[in-house]
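Single-structure report; data block below.
The values are calculated or read from the model by the stated rules, or taken from the named source; none is laboratory data. Keep in mind that what you see is a predicted model, and the values were worked out from it rather than measured. Here the Cβ is made from the backbone with ideal geometry for all residues, glycine too, and neighbour counts use every protein chain on show. These accessible areas exclude ligands, DNA and RNA; they are computed on the full protein's heavy atoms, side chains included. Shrake-Rupley method; radii C 1.70, N 1.55, O 1.52, S 1.80 Å.
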Amino acid sequence: MSETTPLLLGDEAQRQRAPINGSFFQARSTRSICFIIALFSFLLSIAGAIADVPTTRLIEDHICRSYYDEQGGPSKEIDESMCKVDEVQSRMVFLNGWISMIQGTLELLVAFPYGMYADRNGRKPILRLALLGILLQNVYGWAILAMGQKMSINMLLASPLFVLAGGGSTVLVSTMYSIISDVADEANRVNAFLSLLVGNTMGDLVGLLLASYLMVSSPWLPIGLSLIVIVVGACTMVFIPETLPPVKRGPGSDMYDDDDASPLSTVRSHLGELRDQLATAVRMLRQPSLCLVLFAFLCPAPVGMATSTMFIQYVSKRFGWSMASVGYLLSVKTVVNIFVIVVAIPALSRLLMSGALVKSLSVRDKDKILAQAAAFALVVGFALLSGPTIGIVIAGLIVKTFGGGLSSLCRSLATAHTTPENTAKLQTVIGIITTVGMLIAAPTLAFLFSLGMKLGGLMLGLPYAVMTFYLAITAFALCFVRTTTPDLDIIPEAYNLEEVVLCDNASIRSFQSHNTVASSSILLRRSRASSHST
């Protein structure tokens with residue numbers, strides 16, 4: 001490609017993409033690939049949601065028994081209601097916060113290296129490796145809990161080390177989004193991202209209802225079912241083709257020409273490559289509007305934490321609910337989330353594009369308006385979540401859910417501010433920002449929750465009041481986003497279709513995110529579509 005060759009944008013880029021190759025039983029069309037990825041997300045979400053509440057309860061029970069042993073307390077069976085004392089809840093929230101912070105740090109460190117590896121070898125090897133690491137992390141955590149008082153609960157702090165095998169939920173979620181970005185054009189990108197979110201949300205609903213029902217008998221019953229679902233989910237990867245264009249991973253690339261190089265020169269080459277990629281990512285941030293959109297990706301982690309594990313603790317502590325009952329309450333949120341994703345956002349999208357409200361509205365303008373509306377819904381929802389009665393809190397949970405599409409909408413907005421050659425690199429930047437948000441949110445929310453318990457009364461809602469203030473800043477920032485065509489001059493000439501290195505595998509929430517992708521890192525819930533977090 002010469003200097004005069006134009007960069008590919010929009011539909012033109014979609015038409016000139018290389019055909020997707022794969023085995024006869026693998027998906028080929030954009031729709032079928034998005035469906036398989038959504039199914040994969042659905043199964044992982046079920047696995048995470050089934051294990052969420054019972055694992056939280058097992059951690060609470062372990063800390064509770066240790067607390068009463070220290071106090072010389074009752075030797076009889078300890079009821080769940082006895083575990084709501086401030087000391088137990090404070091230890092629990094700080095343990096979860098430390099685990100999330102350690103995991104976030106490790107995910108941040110391995111994001112770019114795994115992105116480089118993925119671009120050389122394709123999306124699927126990283127997808128498999130990331131899922132294996134998450135599975136091992138879950139099994140290790142559950143094994144520690146199964147040993148009861150024989151093992152210190154602090155041994156869970158070592159569980160994030162399994163992130164080193166595959167990059168954890170950050171890399172897993174990003175790989176899924178990158179696969180969709182490989183095959184979907186700008187006009188269909190939001191719907192494709194939302195299909196992933198739909199699969200995730202439906203999985204949440206099924207998983208939460210099953211968990212709340214099964215854990216009445218034993219918390220280990222839903223955990224065992226979670227392991228089975230993970231294995232089934234892993235089997236669906238067989239039907240996912242390799243979507244990374246061959247031109248970017250072929251043996252003719254200069255990155256494969258140094259087979260006889262010494263190990264030292266190879267390391268230097270890789271470090272130089274990593275430096276160049278970081279420099280290019282920084283150049284992308286010269287666009288003020290893109291920076292404002294990326295600021296919103298600090299939200300998925302704290303929003304996900306505040307409405308998953310910490311919410312279970314919050315309602316259980318403040319209103320005396322059992323954790324199984326809180327699980328049913330979370331399923332109400334999920335039902336509303338399904339309505340928002342399947343009905344509300346597509347309907348509003350069609351209405352805005354029809355010209356009935358505003359004429360000559362572009363796809364980017366439509367995404368911007370919907371993102372702003374979602375952000376303000378989060379502000380109102382979190383303000384209500386800090387309320388003094390369970391009715392107000394439930395109302396806040398429902399209103400907050402109307403902001404459920406923020407992450408997908410912001411992804412589409414951010415993607416519109418860069419070129420196709422840098423779309424996957426943008427996913428890495430988004431992933432790093434999301435992880436930084438988790439690093440900040442984990443200790444901060446733990447501190448605020450503990451402080452709120454000490455102050456008592458209305459101050460129990462302190463974490464949600466502070467989150468309201470932060471989300472208001474985010475919503476205000478989105479009001480200044482401009483939807484102009486990205487300035488191609490900021491993209492260095494070296495990053496063309498033959499030479500670009502796509503560090504694509506470091507994203508959201510929750511599974512969340514939202515997901516994607518939660519407080520305790522031993523749960524698959526941190527891999528549930530990150531985006532789901534907001």
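Tabulated data
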| item | result |
| --- | --- |
| Global geometry of segment 118-251, whether rounded, prolate or oblate, following the gyration tensor of its Cα atoms and the 1.5 cut on a/c | oblate |
| Contour minus Cα-Cα distance for residue 392 and residue 455 (0.36 nm per residue) | 20.6 nm |
| More than 22 angstrom apart: percent of Cα pairs within segment 376-454 | 46 percent |
| For segment 125-164, alpha-carbon Rg relative to the globular expectation (2.2 N^0.38 Å, N residues) | 1.28 |
| Tensor-based shape of segment 314-454 (alpha-carbon gyration tensor, a/c under 1.5 rounded, otherwise prolate or oblate) | oblate |
| Cβ-Cβ FRET estimate between residue 66 and residue 353, R0 fixed at 51 Å, reported to 0.05 | 0.35 |
| Accessible-area composition of segment 294-349, carbon plus sulfur, in percent [1.4 Å probe] | 76 percent |
| Accessible area of segment 70-170 divided out per residue, in Å², using a probe of 1.4 angstrom | 42 Å² |
| Label-point separation, residue 477 to residue 146 (7 Å along Cα→Cβ), nm | 4.3 nm |
| Flagged links, alpha-carbon separation over 28 Å, of 124/333; 124/366; 84/333; 124/368 | 124/333; 124/366; 124/368 |
